[in-house]
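Heads up, the thing below is written out as structure tokens.
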Amino acid sequence: MTRTQGEFERRLERLRQIVERLEQADLPLEEGVALYKEGLQLAQACRQELDRARHEITMYQDGVLMEFEPREGGDGSAGD
């Protein structure tokens with residue numbers, strides 16, 4: 001597991017803890033607000049990491065498709 005993956009997992013786990021705490025009825029208002037703010041920051045960081053991963057996967061897929069298109073176009077056209 002890389003450092004980034006470990007950070008993502010820690011953020012996600014902390015976000016789960018915050019949600020559980022916010023769902024409790026005995027939460028003081030000030031603590032709830034502080035947890036809510038922390039949760040928003042964690043959610044944003046997780047979303048950015050997921051967006052980066054999605055972009056990386058898209059680039060990889062596009063690269064693989066581009067690499068195979070000329071071969072399929074040349075061989076597939078003649079074989080059809």
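We did not get these values from a lab; they are worked out from the coordinates using the rules stated. Here the structure is a predicted model, which is why all the values come from computation and not from measurement. No Cβ is skipped: glycine too gets one built from the backbone with ideal geometry, and neighbour counts run over all protein chains shown.
In plain terms, the chain from Ala25 to Gln44 could stretch by 4.3 nm, reckoned as 0.36 nm per residue minus the Cα-Cα distance.
With the simple model of a label 7 Å out from the Cα in the direction of the Cβ, Thr58 to Glu7 spans 2.2 nm.
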